[in-house]
Structures are given as C-alpha cells and as structure tokens.
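Reviewing the structure listed below.
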Amino acid sequence: MRGKRAIRRTVASDPKYGNEVVGRFINYVMRDGKKTVAQRVVYGALDIMAEKTKADPVEVFDRAIRNVQPAVEVRSKRVGGANYQIPIQVRGERKLALAFRWLIAAAKSRKGRPMADKLATELLAAANNEGDAVKKKLDVQRMAEANRAFAHFGRSRRK
C-alpha cells in the first residue's frame, strides 16, 4: 500500500433539516463550489416532495436513497489473459456515493424543467421503487447475478 490512508472528514449536516445525509447530497449536487445554488435546488426539491406527498420530505428522501443503494456490483479483473466481471459486495460509503450519483444523473437526464422539479420527481419515483435510478441499480445487480460464476476469482488466496 502506498502512502498514508486518507482520513475521513466529517461532513456538516445541512442547515435547514440538520440531516448529515442531506448535507452530503447537497455537496454532490454542487457544481463549481456554488453551494447556495445546490442548497436552493435540493431544498426546492424537498419542498416539492412535501407538497406532493404530505409527508416528511427527509423520510421520503431517506427511503429513496435506500431504494437506490446497490448491494453488489461488478469489478473487472484480468485473469490469465481474459477480463472477468467479478461480483463484489458494495461498502457503505460507496453505496451512498453510487446512489447519489445515479439519482443526480437520472434527474439531469429529464428535460425541460428546472433542476429542483426534476430532482423531486426522480426522488419520489425512487421512493416508490421506480424511475431511472432504481432501474440502474437493478441493471447493476442483474449484471452481478449473471457473473456469479466468476465470484471465486474475487476471493484472495491467504494462508
């Protein structure tokens, strides 16, 4: 292993709801260091969700994140001149990062409306186990299931 292991920084919880996961999501939405713009987008999306569902938007947001987080993914590994897609378990930090990334990408792919609207629509769809982000998760898990035969390549040989 090279160098030192990077220490995990604690991310400040968001100012409106006091939720650390929402604070991290705002940081993922942020572009070019414009945090206030990102906060306006995320809070706008949460307000729209609160109007539509008449429920606590943070609970709906948490449910959407849980529904998008993958349990397994595939990694490429070269074994004897051939590349195999090896299914591996996803760690907690990476689960959250992938869920955020897929939700934002799915919201961006929707056209013709402000980002807050698109994000609210995608989060509501994810909370109901539908939408593009959930489809992406299912595709990744289906790929891992299809390559389960190569899982033994992922296990290290230690004595």
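Relative intensity of the range 5-68 on a log10 scale, I(q)/I(0) at q = 0.19, 0.21, 0.24, 0.25 Å⁻¹, equals -0.75, -0.89, -1.09, -1.15, per a Debye sum over C-alpha point scatterers of equal strength in the absence of solvent. I need the fraction of alpha carbon pairs in the chain separated by more than 26 Å, rounded to a whole percent. In whole percent, the share of Cα-Cα pairs in the chain beyond 26 Å is 37.
In plain terms, the residue of SER76, SER13, SER109 with the fewest other Cβ atoms within 10 Å comes first and the most crowded comes last, giving SER76, SER109, SER13.
Computed per residue of the chain from DSSP H runs no shorter than four, each worth -39500 (n - 2.57), the mean residue ellipticity at 222 nm is -18000 deg cm²/dmol. Straight Cα distances below 20 angstrom link LYS52 to the aspartates and glutamates ASP62, ASP117, GLU122, GLU130, ASP132, with same-chain residues fewer than 8 positions distant left out. Candidates ILE65, VAL22, ALA97 compared by Cα position along the dipole of the chain: farthest toward the positive end lies ALA97, with charges placed on Cβ.
With a threshold of 20 Å on the Cα-Cα distance, the over-threshold entries among LYS16/LYS54; LYS34/LYS108; LYS108/LYS137; LYS34/LYS135 are LYS34/LYS135.
By how many nm would the segment from ARG31 to VAL79 grow when fully extended, if each residue of separation counts as 0.36 nm and the alpha-carbon distance is taken off?
Details: separation 48, 0.36 × 48 = 17.28 nm, distance 3.90 nm.
Length gained, ARG31 through VAL79: 13.4 nm.
Throughout, read-outs are computed from the coordinates displayed, never taken from laboratory work. Here the structure is a predicted model, which is why all the values come from computation and not from measurement. When we count neighbours, we look across all protein chains shown, and the Cβ atoms used for this are built from the backbone with ideal geometry, even at glycine.
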